[in-house]
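These notes are about the structure you will find just below.
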Amino acid sequence: MTNDAKIPFLDLAAPHAELEAELVAAFREALKTAGFIGGPMVQGLETEFAAFCDARFCVGVGSGTDALRFALSAAGVRPGDSVVTVPNTFIATTEAISQVGAHPEFVDVEETTSTMDVEKLRTFLKTQCEQDPATGRLLSKRTGRTVTAIVPVHLYGHPADMDPIMELAERYHLIVVEDACQAHGAEYFSVRHNHWMKAGSIGQAAAFSFYPGKNLGACGEAGAITTNDEEIARKCRMIRDHGQAKKYYHDVEGYNGRLDAIQAAFLRIKLKHLQKWNDQRRGRAEFYGNTLSQIREGVLFPVAAPWAKAVYHLYVIRVEDRDGFMAKLAAENIATGIHYPIPLHLQKAYDYLGHKEGDFPVTERLAREIVSLPMYPTLTEAQQRRVCDKVRQILSEEAASKSCRPALVTT
Ligand SMILES: *Cc1c(COP(=O)(O)O)cnc(C)c1O
């Protein structure tokens, strides 16, 4: 490889090359049986993914967005309710809330983990909500709606601080649905339970996406709900299949939100490698961290909270002149991304929520400064070294051009 060969942002093809024979055999088997929807492949994946997440139940569905939508509904969120989440996430989180007929309410994230700021959640519940004297339920003062759920997002593969979130949820009788779409295998040390807990096993339910670029990705669209609650699992199974538990007996209206058997078969093959792939991602993150920490100024890199074992779905750093920085890396044939450039409360789709710039300052600052560096299990050390060398070079040139004063010389 020449020194300036392109370093892609993602490499989805490499794992498939390695697993090709197995994947093709699974596809052939599916063609033979023509069992494309439901059946033993889907059940097999559900059993194995539930075990991987330390959850009692897993329900395979069509996408991560379906998983969020069905989990919220099955856990008891009703049309007209308010659901608290963060503005620093992918829009699927709030689409799912709106699509069950509820109303998203935001609390800001905290800087070190980019996940829900539990103090801001506490303040929101305490000062911006009040108890309805008639029903005892919690009402949002801003909207007058009943607050029924919290959706923390385990962003970039780093878990949100779940202990205080669960404590607040219990105090205010709220449902917690984890958005674990970026966090397959991430772990959280719960002081309340005094052990490590897997993402997807902590709230009443959790949503996972198997979109191709996720830590566990299908060869198409797929997702899953995990839960320890049998009733929630039962309801999700009905909702994904037009509200029926028995063919043509529709207890409720549902969706066409089932998981393809072919995708389930592919996912079972890949799931066997997920732990290894996550370890490789952690190794890559450690290398980036060690190397970038030698750059004294101009860059902030992610540091996992002491209670977190992150799985680095993305490796997101912060720099001041983000757009210039990305352009310079692109000129060096190094691809980067922004997750996400526009906070949800400032998206056109959410004009109706009536937010303005300044409402969630941490999210807004992150949106200006974040850059996602290449991160995947097959990223090589040579590639990482080149990324880090370029980062160092760009930042030192920037620092030099910013200041006309001679550099300080230490004696
Ligand atoms: C990917 C993702 C989703 C949606 O998953 P899909 O499978 O694409 O529907 C939801 N939330 C977050 C945080 C995601 O990253």
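The values are calculated or read from the model by the stated rules, or taken from the named source; none is laboratory data. Here the structure is a predicted model, which means the values were calculated and not measured. Counting neighbours? That spans all protein chains shown, and the Cβs are built from the backbone with ideal geometry, glycine included. Ligands, DNA and RNA are stripped out before the accessible areas are found, and what is left, the full protein with its side chains, is counted by its heavy atoms. Shrake-Rupley method; radii C 1.70, N 1.55, O 1.52, S 1.80 Å.
Site pair Arg28 and Gln294 shows an inter-label distance of 4.9 nm when each label is modelled 7 Å from Cα along Cα→Cβ. Note on the chain: helix-only mean residue ellipticity at 222 nm, from DSSP H runs of 4+ residues weighted -39500 (n - 2.57) and normalised by residue number, equals -12500 deg cm²/dmol. Couplings 3J(HN,Hα) of segment 102-115, computed from phi: 8, 10, x, 10, 9, 10, 6, 9, 9, 5, 6, 10, 6, 10 Hz, in residue order, whole Hz [Karplus 6.51 cos²θ - 1.76 cosθ + 1.60, θ = phi - 60°; x for Gly and Pro].
Say we join alpha carbon atoms closer than 10 Å with springs in a Gaussian network model of the chain; which of Arg386, Arg281, Arg192 then has the biggest fluctuation? Evaluated over the chain, the most mobile residue of the options is Arg192. Each residue was assigned an accessible area with a 1.4 Å probe, and for Val252 the value is about 80 Å². Across the chain, the mean sequence separation of Cα contacts (distance under 8 Å, 6 or more residues apart), normalised by length, yields a relative contact order of 21 percent. Arg122 to Asp11: FRET efficiency via 1/(1 + (r/R0)^6), r the Cβ-Cβ distance, R0 35 Å, to the nearest 0.05? According to the calculation, E is roughly 0.25.
Packing around the peptides 87-99, 63-75, taken as the average count of other Cβ atoms within 10 Å per residue, puts them in this order, highest first: 63-75, 87-99.
A simple count of charges around Arg282, restricted to other residues whose Cβ falls under 13 Å of its Cβ and scoring Lys, Arg +1 and Asp, Glu -1, yields +1.
Computed over the chain, the percent of Cα pairs more than 30 Å apart is 44. Across the protein chains, with a 1.4 Å probe defining accessible surface, the residues Trp307, Trp196, Trp277 rank Trp196, Trp307, Trp277 from largest area downward. The packing ranking, built from the mean of other Cβ atoms within 10 Å per residue, places the peptides 229-241, 287-299, 336-348 in the order 229-241, 336-348, 287-299, highest first.
For the pair Ala331 and Asp389, label points projected 7 Å from Cα toward Cβ lie 1.8 nm apart.
In this Cβ point-charge picture (+1 for Lys and Arg, -1 for Asp and Glu), segment 274-397 has a dipole of about 420 debye about its Cα centre.
Taking a Cβ cut-off of under 15 Å around Val147, the surrounding Lys, Arg, Asp and Glu residues balance to a net charge of +4, with basic ones at +1 and acidic ones at -1.
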